[in-house]
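Quick notes on the structure that follows.
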Amino acid sequence: MTDIVLALGGGGSKGNAHIGVLRVLEREGFRVCAIAGTSAGGMAAAAYAAGYTPDELEAHMRQVDQSKLYSFHFSGEPSLLGINGLHTALYDLIGERTFADLEIPCALTAVDLETGREVVLEEGRVMDALLATVALPGIYPAKKVDDHRLVDGGVLDPVPVAPVRAISPNPRLPVVAVVLSPTSIIHGALPSHQYGLIQKRISRTRVAKAFEVFMRSIEIGMFTIAELRLQIDAPEVVIRPDVGHIGYLDRVDVAEVVRLGERAAEAALPKLRRAVGWRRKLSRLF
C-alpha cells in the first residue's frame, strides 16, 4: 500500500464524484492516512473516515431521495432552505459518532460568522461539524457550535489542503486535492435550472433573477479563492473531475457522477505515482 492524505473540495451535488475518486485510489493500492473536507467534500470525508467503503457510499447515495434533501421547514437560524432531509441522510451514515470514533484522522472546515475566520473542526460530534460545513451562507441555516455561528468552509477554503497537512500522521505524505470547480469559471457557467427549487420559493421573477446573480457571484468568489489557495497551499496532486456542468442543487444520476470521479482519478494516476515516487526518494536521502 502507498500512503497519501486527501483533501476533498466542496460542490454540492458534484460531491458524488469524490466516491469515484476514492474507489480508484483504493483499487490502485493507495491508502488514505488522513482526510479533510469542505461542504460536500466534508460529507464524503466523514463517511469514509467512519469506515464506509466507496461501494457502500454509492449505494447509500443512490437510495437517497434527492427531492427531499432540502425543504421549507426551518430551524431558528434564518435561511432560504431547511435541511431536514439532508440531516436525516447524514445521520443515517454518521449517527452519534465523534471524531475520536473515526478510523482515520479527519477534519472538516467551516467559517465563523462573527470573527470571519476559518474554523477547523476535528473534535466533538461529527454531525455538528457536518451541519456547519454544508451551511451555504443564507441558503442553509448556520450551525451553532459552542460560541460559534458557522457556515460553509468553502467561503474561505474550498479545498482544505492546509487542514489535512496539519492532521497528517507523516508530514512527508503527499497531499491529493480533489477539486470540483472547473479550470475556468467561464467554461463552468452555472446551469440555469440548478436553482429551480429555490425559485419555487421565490415567486417574483425579478427576485429570482436577482438571486441567480447573487449565486453566480458567490460561485465566482469561491472559484477565485479556490485557485488562489491551491497556488499557496500547493498540493502535490490535483484531481479535477469534469463536473462543471452540474449545479449545487441539481438532481443527478449518482452513478454517472461517481464515474466522472473515477475517470478523473484514473487520468491523474501517472502524476500521483510520480509524486509518491519522488517523496520516497527524498525520504531515503534524509
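Worth pointing out:
- The fraction of accessible area contributed by carbon and sulfur in region 33-157 is 49 percent, rounded to a whole number (1.4 Å probe; ligands and nucleic acids excluded).
- Scanning residues 5 or more positions from Ala34 or on other chains, those with amide H under 5 Å from its amide H are Leu6, with H placed 1.01 Å from N in the peptide plane.
- When the residues Glu96, Glu212 are ordered by accessible surface, computed with a 1.4 Å probe over the protein chains alone, the sequence from largest down reads Glu96, Glu212.
- Amide H within-cut-off set for Glu77, under 5 Å, with H built and near neighbours excluded: none
- For region 60-70, Karplus couplings with θ = phi - 60° (6.51, -1.76, 1.60), whole Hz, Gly/Pro x: 5, 5, 6, 8, 6, 7, 5, 6, 10, 5, 10
- Thr183-Gln63 pseudo-label distance in nm [points 7 Å out on the Cα-to-Cβ vector]: 3.9 nm
- Looking at region 226-278, the accessible area is 49 square angstrom per residue; that uses a 1.4 Å probe and ignores ligands, DNA and RNA.
- Of all DSSP beta bridges confined to the chain, the antiparallel ones make up roughly 40%.
- Relative protection proxy for 122-133, 218-229, from highest mean packing down: 122-133, 218-229 (other beta-carbon atoms within 10 angstrom).
- Taking every protein chain into account, the accessible area of region 37-101 amounts to 46 square angstrom per residue (probe 1.4 Å).
- (1) 22.1; (2) 19.5; (3) 18.9, with the label sought being that of the calculated Kirkwood radius over Cα pairs in Å: (3)
- Highest to lowest packing among 170-176, 63-69, scored as the average C-beta count within 10 Å: 170-176, 63-69
- Protection proxy ranking for 42-50, 85-93, using the average of other Cβ atoms within 10 Å per residue and placing the highest first: 42-50, 85-93.
- Gly82 long-range amide H proximity, modeled H, under 5 Å: Ser71, Phe72, His73
- Span from the region 213-237 Cα centroid across to the region 86-114 one, whole angstrom: 23 Å
The values are calculated or read from the model by the stated rules, or taken from the named source; none is laboratory data. Quantities reported herein were computed from a predicted structural model and do not represent experimental measurements. In this analysis, Cβ positions are derived from the backbone assuming ideal geometry, glycine residues included, and neighbour counts consider all displayed protein chains. Side chains included, ligands, DNA and RNA excluded: accessible areas come from the protein's heavy atoms. Shrake-Rupley method; radii C 1.70, N 1.55, O 1.52, S 1.80 Å.
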